[in-house]
Amino acid sequence: MELALNEDQTQILDFIDSLAKPYASVPMHDVSYALTSDDLDNELAENGFLDVMSVEELGPVTAALVVEKLARLPFALESAASALVRSLIDPDLPRPLCLVEEGRLNRPVRFLRPGASVVVVGPSGVRSFTASEELIAPPQEDTLYAYPVAFLTGLPDALTSHDIAAEEVQRAWRVALAAETAGLLGAALESLTTYLSERKQFGRPLATFQALRHRLAETQVLTNGVYWMALKAAGTGDPADAALAALHAQDAAKRVGYDYHQLMGGMGMTLEHPMHLWTYRLKLLTAELGGRGSQALAAADAIWG
Amino acid sequence: MDFAWSDEQQAFRQKLRDFLADNLPDDWEKFSEHGPASPALTAFAREFCGKLAENGMLFPHWPKELGGEGLGPWEQQILAEEMWSAGEPRGGQYMNVNWIGPTLDRYGTPEQKAQYLKPITDGATLWCQGFSEPDAGSDLASLRTRAELVDSNYVINGQKIWTSYAGLADTCFLLTRTSDDRKKGITILLVPMDTPGITVRQIPSLVGEGDIHEVFFDDVTVPEGARFGEEGQAWEIIAYSLRNERLGVPRFSLARAALDRAVAMLQERGEFSGEIVRAEAARCAAACDASQIACYALVQKRVDGEQIGAESSSARYAVVQCERAVCEFVIEYVPEALAGASPYLKMHHQRGIVAGVASGAAEIQLNIIASDVLELPREPR
Ligand SMILES: Cc1cc2nc3c(=O)[nH]c(=O)nc-3n(C[C@H](O)[C@H](O)[C@H](O)COP(=O)(O)OP(=O)(O)OC[C@H]3O[C@@H](n4cnc5c(N)ncnc54)[C@H](O)[C@@H]3O)c2cc1C
């Protein structure tokens, strides 16, 4: 057992911090639903940050740390699936990587665009194809979800089958979900903490009212739990750990999705404050992999048979 | 980062399990219903802790010169997990290991160390913690039990409450007021419980026989050398003690073991196939895991020699959530457990329900997280 960051990990996280610095806040006057940056995406990919999982001395925990860190940015990046799932399926699959569940093809697919790799996971195994224009319903520009999303209109006639069990991909997907959620939760909490410490009513900062302090403190506990469970699940590779991490992550996401907007009052309904960039991503993640109930059942299967 | 136990750590855990298997009586589960502070368990614990000490398993994480084996904080954690999930056969002596021993070692005078440390590392003595008073619970700094220095003796008058183990303890780690300067006016005295003037009254409770007490002090007189630290230093010392205490009880281990036990009972009678019960059980397991890993992050700090601060309140609060989830699960799905069907689950329930109150209420942990982890501006006083 060793839970401190090693030197490599500290260095990688520091690199990412400096690389992502220009993207650490929302550009002035930008009120988009979903902020993205191809430049940042390219830089991360070119520098190999999304491939650390297959580097032997780095591995999945480092990949989860990278994903957590990147998810804190106001910019939406396809990092979780690429960093924590792709190398298991085929490290050369072109990005972005879109994971979809067989049988749930009608859901909004994050980062779907022509050229994206779509991986369909389910009873028929793990199969992929490259998304082309005619398989994609026009991207939804005005989705609230703060990710670029689009819909699949169907599957192509031929898909590439991959030699990996669907369960293994689902396990890694749960880790990816938990790691991304951890970062989003962390950034949203930090942003809310700042807001409530500055916003005054009744002559004092709102953060001095205990009714609000306790709600914030409880989400700190949840956020910390999701962070560590995601890393642990990445580290152990155990399906039960992955399901529990994803379950706790989706539970936490559901909890803050309401609270964080509520506690900002009217400001929480605007696009002026970046809160929605984290919370609406969290909301969409609560629907992933069948939602909390499915993670709970997967965990029960893995633990008690 | 590495989330796996080393071979040595696994071997250490196995050694503890073997020891427990060899040294707990066959009817241990029924026996442990007596509760950690009961006369029966206290007597058993004296013998059991003596054997642990002989085998180097009472203070394995202490340096050799103090009677330990020189192992580290992870072994201390493994020890606590194995003991607690077995129903804490060390009885109240677990407090010696968690915080009384370390606090004595750090702040005691040479005479105090010479007097108290050996019985502790031999597993031969029981302590109690005299902090709370009827009007000083969460607001501990308002405590009023007076100690007055009269001719090189302290004369103590006042009352403590909720004092666990007081009925059978040898010594009390007592907080007294020596001046009116709130936190700076509190002083620790180490008081033998057989000193004349001490009256102990048991409080009947939900948490097991003999656990909580009222303790009255009427002109109780102890020599000046019973003072622990300087006058007014108590607050600094107990901040250190409580940090150790909060991390000391791995409630998630027993909660998780209780959950597994409840699930096994349900499986046995074919009642663990419904999606609702399975999902609820999984949610309990997630709460156990979340609190365990939050505590492990603190153990790592200990390994690295870092101070553990307000994060311990965050881990504590996670632990309270896990205890609550499992206690409620058991009652909803295996209600007969608390009515005789499972001594183990009843034992867990009685330990579990105090998680949010004993050693600092849950809401106080939230206050600490808000102020010192999130660093929110303070509430007006
Ligand atoms: C089984 C058990 C064993 C114990 N053993 C010992 C022992 O050995 N030695 C010892 O000294 N003490 C012991 N205690 C006492 C324990 O430390 C106190 O019960 C605890 O500190 C709470 O104090 P209280 O009971 O006076 O509750 P109160 O302080 O009256 O609190 C009641 C409720 O109000 C809430 N509250 C209080 N203040 C605030 C605030 N500022 N903001 C928001 N909410 C607040 C609390 O969180 C709680 O929910 C034990 C308690 C139990 C249950």
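Once phi is turned into θ = phi - 60°, what whole-Hz ³J(HN,Hα) does the Karplus curve with 6.51, -1.76 and 1.60 give for every residue of the range B:185-198, x standing for Gly and Pro?
Residue by residue, the range B:185-198 yields x, 9, 9, 8, 10, 9, 10, x, 6, 8, 5, x, x, 9 Hz.
Against the globular-protein guess of 2.2 N^0.38 Å, express the Cα radius of gyration of the range A:207-298 as a ratio, rounded to two decimals. All intermediate terms of the calculation are to be shown ahead of the outcome.
On the way: Rg = 14.6 Å, N = 92, 2.2 N^0.38 = 12.3 Å.
So the range A:207-298 has a normalised radius of gyration of 1.19.
So what's Rg/Rh here for the range B:128-232, counting alpha carbon atoms and using the Kirkwood radius for Rh?
Rg/Rh: 0.96.
So what is the relative contact order of chain B, in percent, for Cα pairs below 8 Å that sit 6 or more residues apart?
Averaging sequence separation for qualifying contacts and normalising by length gives 16 percent for chain B.
What number, in nm² with one decimal, is the all-direction average of the projected area of the convex hull of the alpha-carbon atoms of the range B:7-125? Write out the running numbers ahead of the final one.
Numbers: hull surface 28.0 nm².
Average of the hull's projected areas for the range B:7-125 equals 7.0 nm².
Compute the signed sum of charges (Lys and Arg +1, Asp and Glu -1) over the other residues within less than 14 Å, Cβ to Cβ, of B:L126.
-4
Using the Cα atoms of chain B, I'd like the radius of gyration and the largest Cα-Cα distance, Dmax, both in angstrom.
20.9, 72
Does anyone have the angle between helix B:251-268 and the longest principal axis of chain B? Alpha-carbon axes, 0 to 90°, nearest 10?
30
Students sometimes get this wrong: rank B:M1, A:M264 by accessible area, probe 1.4 Å, all chains present, largest first. Could you put the intermediate results ahead of the total?
Values: B:M1 35, A:M264 10 Å².
The most accessible residue leads, giving B:M1, A:M264.
Can you give the translational diffusion coefficient of the range B:250-373 in µm²/s, computed by Stokes-Einstein from the Kirkwood radius over Cα pairs at 25 °C and 0.890 mPa s? Mind showing how you got there, number by number?
Working: Rh = 15.2 Å.
Estimated via Stokes-Einstein, D reaches 161 µm²/s.
Filter the cross-link list A:K200/A:K283; A:K69/B:K184; A:K232/A:K254 down to pairs whose alpha-carbon distance in this structure exceeds 32 Å.
Long pairs (Cα-Cα over 32 Å): A:K69/B:K184.
Let me check something: with ligands and nucleic acids excluded, how do B:I212, B:I156, B:I364 order by accessible area (1.4 Å probe), largest to smallest?
Numbers: B:I212 30, B:I156 0, B:I364 55 Å².
My answer, sorted largest first, is B:I364, B:I212, B:I156.
Chains B and A: buried accessible surface, both sides, probe 1.4 Å, rounded to 100 Å²?
Summing both sides, the interface buries roughly 4100 Å².
When the Karplus curve 6.51 cos²θ - 1.76 cosθ + 1.60 is applied with θ = phi - 60°, which whole-Hz ³J(HN,Hα) does each residue of the range B:37-47 get, with x for Gly and Pro?
Once rounded to whole Hz, the list reads 9, 6, x, 4, 6, 4, 5, 4, 5, 4, 5.
Near A:H248, within a Cβ-to-Cβ distance under 10 Å, what is the net charge of the other residues, with Lys and Arg +1 and Asp and Glu -1?
0
So what J values fall out for the range B:223-235 if you push phi through Karplus, 6.51 cos²θ - 1.76 cosθ + 1.60 with θ = phi - 60°, rounded to Hz, Gly and Pro as x?
Using θ = phi - 60°, the values come out as x, 4, x, 7, 6, 10, x, 7, 4, x, 8, 4, 4 Hz.
Might you work out the accessible area of B:S6 for me, using a 1.4 Å probe with all protein chains in place, and round it to the nearest 10 Å²?
About 40 Å², rounded to the nearest 10.
Using only Cα atoms, locate the centre of the range A:141-214 and the centre of the range A:54-89, then give the distance between them in Å, rounded to an integer.
Between the Cα centres of the range A:141-214 and the range A:54-89 lies a distance of 15 Å.
Compute the signed sum of charges (Lys and Arg +1, Asp and Glu -1) over the other residues within less than 12 Å, Cβ to Cβ, of A:G235. Display every interim value, and only then the final one.
Numbers: positive: A:K232; negative: A:E2, A:D238, A:D241, B:D2.
In short, -3.
Quick one: Kirkwood hydrodynamic radius for the range A:206-248, alpha-carbon pairs, angstrom, one decimal? Walk me through the intermediate numbers first.
Values: mean 1/r = 0.0874 Å⁻¹.
Hydrodynamic radius (Kirkwood, Cα only) of the range A:206-248 equals 11.4 Å.
Amide H of B:Q233: which non-local residues (sequence gap of 5 or more, or other chain) have their own amide H closer than 5 Å, using H built in the peptide plane?
Here the answer is B:I188, since their amide H atoms fall under 5 Å of that of B:Q233.
Straight-line reach only, C-alpha to C-alpha below 16 angstrom: list the aspartates and glutamates that B:K346 could link to, leaving out same-chain residues fewer than 8 apart.
B:D27, B:E29, B:E33, B:E88, B:E209, B:D211, B:D260, B:E323, B:E328, B:E332, B:E336
Select from the range B:56-103 those GluC sites (Glu not before Pro) which occupy a DSSP coil region and have at most 16 other Cβ atoms within 10 Å, ordered by residue number.
For GluC sites (Glu not before Pro) across the range B:56-103 that sit outside H, G, I, E and B with at most 16 neighbouring Cβ atoms in 10 Å, the list reads B:E69.
Would you mind getting the Kirkwood hydrodynamic radius of chain A from its Cα pairs, rounded to one decimal in Å?
Kirkwood hydrodynamic radius for chain A: 19.7 Å.
Just to verify a number: what accessible area does A:D30 come out at with the full protein assembly present, 1.4 Å probe, Å² rounded to tens?
Its accessible surface works out to 50 Å², give or take rounding.
Heavy-atom accessible area per residue, the protein assembly as shown, 1.4 Å probe: how many Å²?
Per-residue value: 41 Å².
Once you wrap a convex hull around the alpha carbon atoms of the protein assembly as shown, what is its projected area averaged over all directions, in nm²?
Details: hull surface 127.7 nm².
If I average the Cα hull's projected area over directions, I get 31.9 nm².
Mean shadow of the range B:97-156, computed from the convex hull of its alpha carbons, in nm²?
Projected area, direction-averaged: 5.6 nm².
Can you give the alpha-carbon Rg of the range A:50-139 over 2.2 N^0.38 Å, where N counts its residues?
Ratio of Cα Rg to 2.2 N^0.38 Å: 1.12.
Tell me which trypsin sites (Lys or Arg not before Pro) from the range B:261-359 have a DSSP coil assignment and no more than 10 other beta carbons within 10 Å of their own.
Here the trypsin sites (Lys or Arg not before Pro) that fit, given the DSSP loop and packing criteria, are B:R269.
Leaving ligands, DNA and RNA out of it, report the carbon-plus-sulfur percent of the accessible area of the protein assembly as shown at a 1.4 Å probe.
49
Count neighbours as other Cβ atoms within 10 Å of each site's Cβ, and list the trypsin sites (Lys or Arg not before Pro) in the range B:104-154 that are DSSP loop with at most 10 such neighbours.
On the way: sites: B:R106, B:K113, B:R144, B:R146; in loops: B:R144.
Here no loop site has a sparse enough neighbourhood.
For the range A:224-301 and the range B:142-158, what is the separation of their Cα centres, given in Å?
53
Could you let me know the centre-to-centre spacing of the range A:1-20 and the range B:204-258, using Cα atoms, in angstrom?
Spelled out, the Cα-based centre of one part sits 40 Å from the other.
Across chain A, where is the longest run that never hits GluC sites (Glu not before Pro) in a DSSP loop with at most 16 other C-beta atoms within 10 Å?
A:142-271
As a test of the formula, what do you get for chain B when each DSSP H run with n ≥ 4 contributes -39,500 (n - 2.57) and the sum is divided by the residue count, at 222 nm and rounded to the nearest 500 deg cm²/dmol?
It lands at -14500 deg cm²/dmol.
Given Cα positions, please report Rg to Rh for the range B:290-359, the hydrodynamic radius being the Kirkwood one.
Details: Rg = 15.0 Å, Rh = 13.4 Å.
Dividing the radius of gyration by the Kirkwood radius yields 1.12.
Calculate for chain A the 222 nm mean residue ellipticity that helices alone would give, adding -39,500 (n - 2.57) per DSSP H run of length 4 or more and normalising by residue count, nearest 500 deg cm²/dmol.
-16500 deg cm²/dmol
Given a 1.4 Å probe and the protein chains all in place, what does the accessible area of B:M265 round to, in Å² to the nearest 10?
The value for B:M265 is about 40 Å².
With heavy atoms of protein chains only and a 1.4 Å probe, what residues of the range B:1-50 have at least 40 Å² less accessible area in the full set of chains than alone?
B:M1, B:D2, B:F3
The values are calculated or read from the model by the stated rules, or taken from the named source; none is laboratory data. In this text the structure is predicted, and so the values were computed from the model without any measurement. Glycine also receives a Cβ, built like all others from the backbone with ideal geometry; neighbour counts cover every protein chain displayed. Protein only, heavy atoms only, side chains kept; ligands, DNA and RNA dropped before computing areas. Shrake-Rupley method; radii C 1.70, N 1.55, O 1.52, S 1.80 Å.
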